[in-house]
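A.B. asks: Have a look at this one before I ask anything.
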């Protein structure tokens, strides 16, 4: 679990709510159903309109990476690749067949199968990089869904504020209805700006960071498998891959 994500949410929202309390405000003043409906509904509606179904669903699945990022274990991966290199040097590439059968990572298994089949290093790189780049592109598009929400939310908040003011203007003759309209106007703006800057945009940035780290771990795996195909010394392979740490 990413503790910084939890701390960020607690500190960010806590600072705003705490400041409001210290200034004499009350939590009830910030709770407004119509404003929340306008901002959240409008923002998600705009995101749905913008995104293909696969990208939007992918974004919802990718959201779990904010709290539970993939456990890359790059040091362990280097140790595994070094071990594979030693087997290949000792028994030849066919000696890696048992490794292919036991490998659980589909991406690594594909690369190892190409290696055992005797594919050239550049062919292995090309095939695996095409798959990696396609996956990275899909993940980045999913992360941009939250980035776009960060752009829509403040604007939808302003729409909510204008709607609240319209409600106020229509009821100038009835002072009892003015308070609700003014509250919706200001709270909708707070919701829009707050969600954009305290949730949507930070989430998008963190997801991009996690995607980059994930892709880098895959690039390291590709380089390791290609190095084995080139017949490099296991020690040299290990030293080369340690540059990714």
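The values are calculated or read from the model by the stated rules, or taken from the named source; none is laboratory data. The shown structure was predicted, so the numbers you read here are calculated from the model rather than taken from an experiment. So basically every Cβ, Gly included, is an ideal-geometry build from the backbone, and we count neighbours across all protein chains shown.
A.B. asks: If we keep just the residues of region 111-121 that are free of Cβ contacts under 8 Å to residues at least 40 places away in the same chain and touching a helix residue (DSSP H, G or I) at 6+ places or on another chain (Cβ under 8 Å), which is surrounded by the fewest Cβ atoms within 10 Å (Cβ to Cβ)?
C.D. replies: Restricting to residues being free of Cβ contacts under 8 Å to residues at least 40 places away in the same chain and touching a helix residue (DSSP H, G or I) at 6+ places or on another chain (Cβ under 8 Å), the top hit is 118.
A.B. asks: Among the residues of region 223-240, write down those that are closer than 13 Å to residue 74 by Cβ and surrounded by fewer than 22 Cβ atoms within 10 Å (Cβ to Cβ).
C.D. replies: Listed by number, the residues that qualify are 223, 238.
A.B. asks: Do we find a residue being free of Cβ contacts under 8 Å to residues at least 24 places away in the same chain and either under 20 Å from residue 185 (Cα atoms) or in the same structural domain as residue 140 (by TED's automatic domain parsing) (or both) anywhere in region 4-19?
C.D. replies: Yes - at least one qualifying residue is present in region 4-19.
A.B. asks: Just a yes or no: is a residue in region 149-158 surrounded by 15 or more Cβ atoms within 10 Å (Cβ to Cβ) and either closer than 17 Å to residue 57 by Cα or in contact with a strand residue (DSSP E or B) (Cβ under 7 Å, 6 or more places away or on another chain) (or both)?
C.D. replies: Within region 149-158, one or more residues are surrounded by 15 or more Cβ atoms within 10 Å (Cβ to Cβ) and either closer than 17 Å to residue 57 by Cα or in contact with a strand residue (DSSP E or B) (Cβ under 7 Å, 6 or more places away or on another chain) (or both).
A.B. asks: While we're here: Checking the conditions here, which among 53, 108, 46 is within 27 Å of residue 201 (Cα to Cα) and either crowded, with 17+ Cβ neighbours inside 10 Å or not assigned by TED's automatic domain parsing to the domain that holds residue 222 (or both)?
C.D. replies: Only one candidate qualifies: 46.
A.B. asks: Now, a different point. Any idea which of 46, 59, 35 is under 28 Å from residue 161 (Cβ atoms), modelled with pLDDT under 90 and in contact with a helix residue (DSSP H, G or I) (Cβ under 8 Å, 6 or more places away or on another chain)?
C.D. replies: So the residue among 46, 59, 35 that is under 28 Å from residue 161 (Cβ atoms), modelled with pLDDT under 90 and in contact with a helix residue (DSSP H, G or I) (Cβ under 8 Å, 6 or more places away or on another chain) is 35.
Here's the yes/no breakdown for (1) on the phi > 0 side of the Ramachandran plot; (2) in contact with a strand residue (DSSP E or B) (Cβ under 6 Å, 6 or more places away or on another chain); (3) in contact (Cβ under 8 Å) with a residue 60 or more places away in the chain:
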site: 21; (1), (2), (3): no, no, no
site: 26; (1), (2), (3): no, no, no
site: 58; (1), (2), (3): no, no, yes
site: 62; (1), (2), (3): no, no, yes
site: 69; (1), (2), (3): no, no, yes
site: 73; (1), (2), (3): yes, no, no
site: 76; (1), (2), (3): no, no, no
site: 84; (1), (2), (3): no, no, yes
site: 98; (1), (2), (3): no, no, no
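A.B. asks: With respect to the numbered conditions (1) within 20 Å of the chain's Cα centre (by Cα); (2) buried (at least 18 other Cβ atoms within 10 Å of the Cβ); (3) modelled with pLDDT under 90, which one is the sole condition not fulfilled by residue 71?
C.D. replies: Evaluating residue 71 over (1) within 20 Å of the chain's Cα centre (by Cα); (2) buried (at least 18 other Cβ atoms within 10 Å of the Cβ); (3) modelled with pLDDT under 90 leaves (2) as the failure.
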